[in-house]
Amino acid sequence: AVVESAKRAAAQQAVRDHFDPSATHVGIGSGTTIVYVVEAIKEVSTNLAIRFIPTGYQSRQVIVQAGLTAVPFDSLPEDTVFDVAFDGADEVDLELNCIKGGGACLFQEKLVAERARKFVCVADYRKKQDRLLTNWPTIPIEVAPVAVPTVLKGLRTLGSTNPKLRSTLLDKSGPLKTDQDFFIIDAPFKPLLIAEDIKAGKGKGDGSDGTWEVNKLSDAIKGLTGVLEVGIFSGLNGPDAEAIRATNSVKTV
Ligand code: DER
């Protein structure tokens, strides 16, 4: 109950600080924290004219079940800029880089996040770490099924010890499929360095000495043939996007 109330508190604070009822387009992420974000939005606005853009099937369900209007991302003109996008994360570091993909929705989450003027990451105290991959051990990567052997080999070359195809015997025998009908590989790496670590000489950050900086590893993984998207969100450069301090400026409650 402590975690749920922390999620709800973070969601209410994020909506208080960053939801403008006169908005026209609002991105809605995936996972469990986002449910509290939509609840908090419902409390302050019944403006059904607002278009809520989902980041996958579950996200659309959350919007529709709240009685709000869900508009598919690909039905909007390509230059549509969203006023704000709210989403969760699996881990957030001091630079506000995020690990995302615990819910296997990272591809559409990134499409929507990059279209937003403001990306608001809503994360309870468990997600806040100094470096990514401190508590959450793996990077979720969305891959074309046929490319799995190639991507696994590539990840090992980049230094991932034991990258694994995500499958849950609970819900389905065999690998999990994303909303794009792709697979997810979870790749463990050592905690990722941030800019100040490189400056402080804590490692080269390019994999040559076993250390990786956030963006360099993200780019290296994206360069593997067969990778659709990588669950590292950093420095979102949507139109005037500004990363909202997910933890410090939003009082930790
Ligand atoms: O998959 C994702 O990136 C989601 O945002 C998710 O990881 C956050 O999930 P939670 O809010 O249930 O922790």
Of the residues K128, K100, which is under 25 Å from T168 (Cβ atoms) and basic (K, R)?
K100
Give the residues of segment 211-233 that are of a type outside the set (D, E) and in contact with a Lys or Arg (Cβ under 7 Å, 6 or more places away or on another chain), sorted by residue number.
T211, V230, G231, F233
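Residues are listed down the side, and each one gets a yes or a no for (1) at pLDDT 95 or above; (2) within 13 Å of the ligand (Cβ to nearest atom); (3) surrounded by fewer than 21 Cβ atoms within 10 Å (Cβ to Cβ):
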{"position": "E95", "(1), (2), (3)": "no, no, yes"}
{"position": "C98", "(1), (2), (3)": "yes, yes, no"}
{"position": "G101", "(1), (2), (3)": "yes, yes, no"}
{"position": "C105", "(1), (2), (3)": "yes, yes, no"}
{"position": "E109", "(1), (2), (3)": "yes, yes, no"}
{"position": "K127", "(1), (2), (3)": "yes, yes, no"}
{"position": "L133", "(1), (2), (3)": "yes, no, no"}
Evaluate segment 161-169: report whether one residue or more is over 13 Å from I99 (Cα atoms), without any contact (Cβ under 8 Å) to a residue 12 or more places away in the chain, within 16 Å of the ligand (Cβ to nearest atom) and surrounded by fewer than 15 Cβ atoms within 10 Å (Cβ to Cβ).
yes
Helices (runs of 4 or more DSSP H) (entirely within segment 1-89) containing at least 2 residues that are over 19 Å from the mean Cα position of the chain (by Cα) and within 15 Å of the ligand (Cβ to nearest atom)
2-18, 33-44
Please state which of the following conditions Q12 fails to meet, knowing it meets all the rest: (1) of a type in the set (S, T, N, Q); (2) closer than 30 Å to V143 by Cα; (3) touching a helix residue (DSSP H, G or I) at 6+ places or on another chain (Cβ under 7 Å).
(2)
Sort through T55, T69 and tell me the only one that's surrounded by fewer than 22 Cβ atoms within 10 Å (Cβ to Cβ) and among the hydroxyl-bearing types (S, T, Y).
T69
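The values are calculated or read from the model by the stated rules, or taken from the named source; none is laboratory data. Since the structure is predicted, the reported quantities are computational estimates derived from the model, not experimental observations. No Cβ is skipped: glycine too gets one built from the backbone with ideal geometry, and neighbour counts run over all protein chains shown.
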